[in-house]
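Below is one structure; the comments refer to it alone.
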Amino acid sequence: MKENAAINFAANLKKLRKDNGLSRKALADQISYSEKSVEKWEMGKSVPPLPVLCLLSQIFQVSLETLVYPWDEEISYYLGIDGGGTKTEFLLQDKDGNTVRQIILGASNPNDVGMEKCQKILELGITEVCDRIDKRKISLFAGLAGASDNGKVIREFLDEWGFGRCRCEGDKESAMEMALGGKDGLVVILGTGVIGYAQKSGERKRIGGWGYLLDSGGSGYNLGRDALESALRSLDGRSRTTQLLPLIEEKLQKPLPNAIAEIYKGGKRYIAQFAPLVFDACEQGDSTAEEILEKNMRQVAEIIEAGLDYLNDSNAPVVLCGGLCHQQKALDRVLSKLLKGIPIQYLTDPMVNGAVLLAKKEARNGENYAENGNAE
């Protein structure tokens, strides 16, 4: 068969198998072939011989034409997924931009929660937002933290669902699309972690974002950790009194020393939940909180300065996005002093909106895994 016929067959086989509740192994057993053979067919790498095609048409109760000809239904839905170290958001829109369904679930970064839990979160979200909608009508873009390290496994998992179009990349892609839309500029993502990307003539330079053990400030984790440390130092009498201590204990609903085991068990995602208290304490005029905020924003300022140096354009757009940007007033107050007049834009829209934009692009490109070579 021609290559496009193999691609059509791959998509049709996946859809029919999933609709009939069969695993690859279960189908392979029925036709006396290996699971690896079924996988190759579903990846568009090869097609079975005619006798097997006839057997498949009997199993699924469809014609041979249904197996090998392209699905004639147009893409009419766009699914964006934004997954990170704190939460995973799913947004399904129709062709007119209307929200069909939207849900938020827990963290899905496989480096934090493990691949099994990552896939479980994705399965729960996809099942709910795509309920009773043929997935071949859906173009999906998943922007997931940790995808750069685990991309092949996640892509193969998503490929199993039989979406009309499907692409999975790191969560930065959603932010870059929303902030720059392919143009030159600098994006700094301030979430549980912190990372910057300078984009110039289609090339990108990464700045920071080396993880909570190596990055020294600017993230939700860093702010939360500094807040906890300062509260404990105050409690010990090693530093001045800070309003952070009562704010933290109010959030914990217990004395801070009684929560140490809980904090260590919760890790970086748990610690990042205390970041908003730094901003609350700043509003109350707490000098310790002000010092924490300035210390962390100094790291963000360094990322911005390094990015502008790479771009060699002091007028290039600088866009900050991520959860911390909801504290725009406080961030801007400190960064305007550190950066001496460099204009900064704050993007507070959910990053999942960028994933939906990329799902629309994916539909326009007309590429699925088999076509662009990602399903290997």
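The values are calculated or read from the model by the stated rules, or taken from the named source; none is laboratory data. The structure presented is a predicted model; accordingly, all values stated were derived computationally and were not measured. Note: ideal-geometry Cβ built from the backbone for every residue, glycine included; neighbour counts use all protein chains shown.
So that you can scan it fast, the table gives a plain yes or no per residue for (1) under 30 Å from L16 (Cβ atoms); (2) outside the structural domain of G322 (by TED's automatic domain parsing); (3) over 12 Å from the mean Cα position of the chain (by Cα); (4) not acidic (D, E):
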| position | (1), (2), (3), (4) |
| --- | --- |
| D94 | yes, yes, yes, no |
| L122 | yes, yes, no, yes |
| E128 | yes, yes, yes, no |
| I138 | yes, yes, yes, yes |
| N150 | yes, yes, yes, yes |
| F157 | yes, yes, yes, yes |
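Considering D215, D184, D226, D236, the condition of being farther than 26 Å from D313 by Cβ and in contact (Cβ under 8 Å) with a residue 40 or more places away in the chain is satisfied by D226 alone. All conditions in (1) surrounded by 21 or more Cβ atoms within 10 Å (Cβ to Cβ); (2) at pLDDT 95 or above hold for G208, with the sole exception of (2).
Okay, residues lined up against (1) touching a Leu at 6+ places or on another chain (Cβ under 6 Å); (2) not β-branched (V, I, T):
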| position | (1), (2) |
| --- | --- |
| T88 | yes, no |
| D94 | no, yes |
| G106 | no, yes |
| N111 | no, yes |
| G125 | yes, yes |
| C130 | no, yes |
| K137 | no, yes |
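Exactly one residue among I104, I59 is among the aliphatic types (A, V, I, L, M) and outside the structural domain of D19 (by TED's automatic domain parsing), and that residue is I104. I138 fulfils the conditions (1) more than 27 Å from M43 (Cβ to Cβ); (2) of a type in the set (A, V, I, L, M, F, W, C); (3) surrounded by 20 or more Cβ atoms within 10 Å (Cβ to Cβ) except for a single criterion, (1). The single condition among (1) within 14 Å of L324 (Cβ to Cβ); (2) within 16 Å of the chain's Cα centre (by Cα) that D226 does not meet is (2).
Based on what the data block shows, is G285 at pLDDT below 95, closer than 25 Å to L244 by Cβ and either touching a Cys at 6+ places or on another chain (Cβ under 7 Å) or not basic (K, R) (or both)? Taking the combined requirement at face value, the residue does not satisfy it. Taking the conditions (1) of a type outside the set (S, T, Y); (2) farther than 27 Å from E128 by Cα; (3) assigned by TED's automatic domain parsing to the domain that holds N150 in turn, P48 satisfies each one other than (3). Taking segment 265-323 as the search range and keeping residues that are in contact with a helix residue (DSSP H, G or I) (Cβ under 9 Å, 6 or more places away or on another chain) and of a type in the set (S, T, Y), which one is nearest to I342 (Cα to Cα)? Filtering segment 265-323 for residues that are in contact with a helix residue (DSSP H, G or I) (Cβ under 9 Å, 6 or more places away or on another chain) and of a type in the set (S, T, Y), the one nearest to I342 (Cα to Cα) comes out as S314.
Segment 158-255 holds helices (runs of 4 or more DSSP H) entirely within its bounds, and those carrying 2 or more residues that are more than 24 Å from N296 (Cα to Cα) map to 172-179.
Residue check: is R136 in contact (Cβ under 8 Å) with a residue 40 or more places away in the chain, of a type in the set (K, R), under 24 Å from Y69 (Cα atoms) and outside any strand (DSSP E or B)? When the stated conditions are applied, R136 passes them. Could you list all residues from segment 302-352 that are assigned to a loop (DSSP other than H, G, I, E, B) and acidic (D, E)? Answer for segment 302-352, where residues must be assigned to a loop (DSSP other than H, G, I, E, B) and acidic (D, E): D313, D349.
Here L252 qualifies as free of Cβ contacts under 8 Å to residues at least 40 places away in the same chain and in contact with a helix residue (DSSP H, G or I) (Cβ under 7 Å, 6 or more places away or on another chain). Among the residues that make up segment 313-333, is at least one of them of a type in the set (A, V, I, L, M, F, W, C), in contact with an Asp or Glu (Cβ under 6 Å, 6 or more places away or on another chain) and modelled with pLDDT of 95 or more? Taking every residue of segment 313-333 in turn, none turns out to be of a type in the set (A, V, I, L, M, F, W, C), in contact with an Asp or Glu (Cβ under 6 Å, 6 or more places away or on another chain) and modelled with pLDDT of 95 or more. Counting the residues of segment 143-171 that are in contact with a Ser or Thr (Cβ under 9 Å, 6 or more places away or on another chain) and either small (G, A, S) or at pLDDT 90 or above (or both) gives 9.
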